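These notes concern the structure reproduced below.
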Amino acid sequence: MSNLTVYHPFGDPSFDDLFRGFFAPVRAERSPVSIKVDVAEKDNAYVVRAEIPGVSKDDIQVSIEGNQVTIGAEVKRESEKKDGERVLHSERYVGSAFRSFTLPSELDESASTAKYENGVLELALAKKAQVAGRKLTIQ
């Protein structure tokens, strides 16, 4: 026969630590934010949608080298402190974030475009035209 025990969630010491820790100052080093991307392929281009919320479009850099794409952003936060106000808890990241990935085809930088709206960066990365191979005559 098994014994049944009544569970009291408010009697659990870890429950009390949850609320006590919420208001404690955060001293841990904040890790960089990961830029999340979706990549789709069309006949002549790749479409990349990257989530970069809370960033000005002037603080975003996109570089293309061959078939490698790098997206970087400088995450800034305006610090408006009002009189008599103190921060109890802050989780928002301040610093730089980047994401780099490789695509299967070479990219044409001059024909590629970028648009940033509502926290989403949309890249239309044009594929370079494939160089047609030539046949060698055997002598």
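Among what's in the range 115-139 and is assigned to a strand (DSSP E or B) and among the aliphatic types (A, V, I, L, M), pick the residue that is farthest from the chain's Cα centre (by Cα).
To start, the set of residues in the range 115-139 that are assigned to a strand (DSSP E or B) comprises 115-117, 120-127.
Keeping just the survivors that are among the aliphatic types (A, V, I, L, M) gives 120-121, 123-126.
Numbers: Val120: 10, Leu121: 10, Leu123: 14, Ala124: 18, Leu125: 18, Ala126: 22 Å.
So the residue we want is Ala126.
The residue pairs whose first member lies in the range 107-130 and is free of Cβ contacts under 8 Å to residues at least 40 places away in the same chain, whose second member is basic (Lys, Arg), and whose beta carbons are closer than 6 Å, counting only pairs six or more residues apart or on different chains, are Asp108/Lys128.
Determine which member of the set Ala45, Ala111, Ala50 is closer than 24 Å to Ser34 by Cβ, aliphatic (A, V, I, L, M) and either surrounded by 10 or more Cβ atoms within 10 Å (Cβ to Cβ) or in contact with a helix residue (DSSP H, G or I) (Cβ under 9 Å, 6 or more places away or on another chain) (or both).
Ala50
Identify, from the list Ser105, Ser63, Ser79, the residue that is surrounded by 10 or more Cβ atoms within 10 Å (Cβ to Cβ), more than 20 Å from the chain's Cα centre (by Cα) and either polar (S, T, N, Q) or at pLDDT below 90 (or both). Just one listed residue meets the conditions, Ser105.
Restrict the check to the range 85-99 and report whether at least one residue is closer than 18 Å to Val39 by Cα and not basic (Lys, Arg). For the range 85-99, residues closer than 18 Å to Val39 by Cα and not basic (Lys, Arg): present.
Criterion first (within 17 Å of Leu123 (Cβ to Cβ), out of contact with any Gly (no Cβ under 7 Å at 6 or more places or on another chain) and either free of Cβ contacts under 8 Å to residues at least 12 places away in the same chain or part of a helix (DSSP H, G or I) (or both)) does Asp58 satisfy it? Give the derivation first.
Numbers: within 17 Å of Leu123 (Cβ to Cβ): yes; out of contact with any Gly (no Cβ under 7 Å at 6 or more places or on another chain): yes; either free of Cβ contacts under 8 Å to residues at least 12 places away in the same chain or part of a helix (DSSP H, G or I) (or both): yes.
Spelling it out, Asp58 is indeed within 17 Å of Leu123 (Cβ to Cβ), out of contact with any Gly (no Cβ under 7 Å at 6 or more places or on another chain) and either free of Cβ contacts under 8 Å to residues at least 12 places away in the same chain or part of a helix (DSSP H, G or I) (or both).
In the range 92-102, the qualifying residues are those that are more than 13 Å from Val62 (Cα to Cα) and in a strand (DSSP E or B), and the one that is modelled with the lowest pLDDT is Gly95. Restricting the range 17-40 to residues that are closer than 18 Å to Ser100 by Cα and out of contact with any Lys or Arg (no Cβ under 9 Å at 6 or more places or on another chain) leaves a set whose member that is modelled with the lowest pLDDT is Ser31.
The values are calculated or read from the model by the stated rules, or taken from the named source; none is laboratory data. Please read all numbers here as calculations on a predicted model, not as lab measurements. Backbone-built Cβ (ideal geometry, glycine too); neighbour counts: all protein chains shown.
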